[in-house]
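Chemist: Take a look at this one; I'll ask things after.
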Amino acid sequence: MKHGKRHRAEIARSLPQWERKFLCYKALKKKLKLRQDMGFRHSLGRELDKVNDFFIDKEEDYIILFRELESKAENINGHEEMLELLKEILAFHSEMVMLLHFSVINFAGLMKIVKKHKKRAGGRVCASYMPRVLQQPFFSTELLYNLIRGCEAILERLSPPQ
């Protein structure tokens, strides 16, 4: 399966409200076919900014939500409240895993499109973009992993012993 189809399939498996936040691989590929180097570079920069802005916003939201869930976990009153909190934490955990998936899909798309450009333009974009990409927020998932592990620790604390 070609990367463009795989990219679209992966996006379809994500949260529907996130669909427009992914890298527009198809549009970037069209720019390459039209041999518009400056247009491609501009579009690539815009796409990178779009992906990063979304990723950063989600991380900020997740930090706040994690703190709220931690606070709720410390002040549980009863079995029903605990079950509701467990459901909230599981849903939150699931969404954070989806954000990790978002990061991987976008990184793969970016690598593929830069590789295609390298073939056509002789590597000028690849040399300047790859170090920059590796420093992008959407590629730095350590904070997200820490939040996921934090959720797992809360779940472990709240779950009854087996």
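The values are calculated or read from the model by the stated rules, or taken from the named source; none is laboratory data. Quantities reported herein were computed from a predicted structural model and do not represent experimental measurements. Reconstructed Cβ throughout: ideal geometry from the backbone, glycine too, with neighbour counts over all protein chains shown.
Chemist: Considering only helices (runs of 4 or more DSSP H) fully contained in the range 69-162, which possess at least 2 residues that are closer than 21 Å to Ile11 by Cα and β-branched (Val, Ile, Thr)? Quick ask: steps written out before the conclusion?
Modeler: Numbers: elements: 79-121, 124-133, 142-158.
Fully inside the range 69-162 and qualifying: 79-121.
Chemist: Another question, then. Run down Leu147, Leu155, Leu85 and say which single residue is over 30 Å from Gln36 (Cα atoms), among the aliphatic types (A, V, I, L, M), modelled with pLDDT of 85 or more and in contact with a Phe, Trp or Tyr (Cβ under 6 Å, 6 or more places away or on another chain). Working first, answer last.
Modeler: Working: Leu155 fails: in contact with a Phe, Trp or Tyr (Cβ under 6 Å, 6 or more places away or on another chain); Leu85 fails: in contact with a Phe, Trp or Tyr (Cβ under 6 Å, 6 or more places away or on another chain).
On inspection, the qualifying residue turns out to be Leu147.
Chemist: Out of everything in the range 53-63 that is touching a helix residue (DSSP H, G or I) at 6+ places or on another chain (Cβ under 9 Å) and surrounded by fewer than 16 Cβ atoms within 10 Å (Cβ to Cβ), what residue ends up being farthest from Glu19 (Cα to Cα)?
Modeler: Ile63
Chemist: Any residue in the range 29-49 that's hydroxyl-bearing (Ser, Thr, Tyr): show its pairings with residues that are buried (at least 17 other Cβ atoms within 10 Å of the Cβ) at Cβ separation under 6 Å, as long as the two are six or more apart or on different chains.
Modeler: Ser43/Leu28; Ser43/Lys31
The rows are residues; the columns are (1) of a type in the set (Lys, Arg); (2) surrounded by 19 or more Cβ atoms within 10 Å (Cβ to Cβ).
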| position | (1), (2) |
| --- | --- |
| Arg13 | yes, no |
| Phe22 | no, yes |
| Leu32 | no, yes |
| His42 | no, no |
| Gly45 | no, no |
| Ser71 | no, no |
| Ala108 | no, no |
| Arg120 | yes, no |
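Chemist: Something else: Name the residue, out of Leu134, Leu100, that is hydrophobic (A, V, I, L, M, F, W, C), closer than 30 Å to Leu65 by Cβ and either modelled with pLDDT of 80 or more or surrounded by 14 or more Cβ atoms within 10 Å (Cβ to Cβ) (or both).
Modeler: Leu100
Chemist: Between residues in the range 140-162 that are under 25 Å from Ser103 (Cα atoms) and residues that are hydroxyl-bearing (Ser, Thr, Tyr) and assigned to a helix (DSSP H, G or I), which pairs lie under 8 Å by C-beta distance while being six or more apart or on different chains?
Modeler: Filtered contacts from the range 140-162: Thr141/Ser103; Leu144/Tyr62; Leu144/Ser103; Leu147/Tyr62.
Chemist: Specify which of the listed residues (Glu84, Glu59, Glu68, Glu142) is acidic (Asp, Glu) and within 30 Å of Lys5 (Cβ to Cβ).
Modeler: After applying the criteria, what remains is Glu59.
Chemist: Is it the case that Phe66 is touching a Gly at 6+ places or on another chain (Cβ under 9 Å), modelled with pLDDT of 95 or more and either surrounded by 19 or more Cβ atoms within 10 Å (Cβ to Cβ) or small (Gly, Ala, Ser) (or both)?
Modeler: Numbers: touching a Gly at 6+ places or on another chain (Cβ under 9 Å): yes; modelled with pLDDT of 95 or more: yes; either surrounded by 19 or more Cβ atoms within 10 Å (Cβ to Cβ) or small (Gly, Ala, Ser) (or both): yes.
Taking the combined requirement at face value, the residue satisfies it.
Chemist: Here's a follow-up. Starting from residues that are outside any helix (DSSP H, G or I) and aliphatic (A, V, I, L, M), keep the ones in the range 20-55 and report whichever is farthest from Val133 (Cα to Cα).
Modeler: So the first thing to find is which residues in the range 20-55 are outside any helix (DSSP H, G or I), and the list is 22-24, 34-36.
Within this subset, residues satisfying the condition of being aliphatic (A, V, I, L, M) are 23, 34.
Values: Leu23: 13, Leu34: 24 Å.
So, considering only residues that are outside any helix (DSSP H, G or I) and aliphatic (A, V, I, L, M), the one farthest from Val133 (Cα to Cα) is Leu34.
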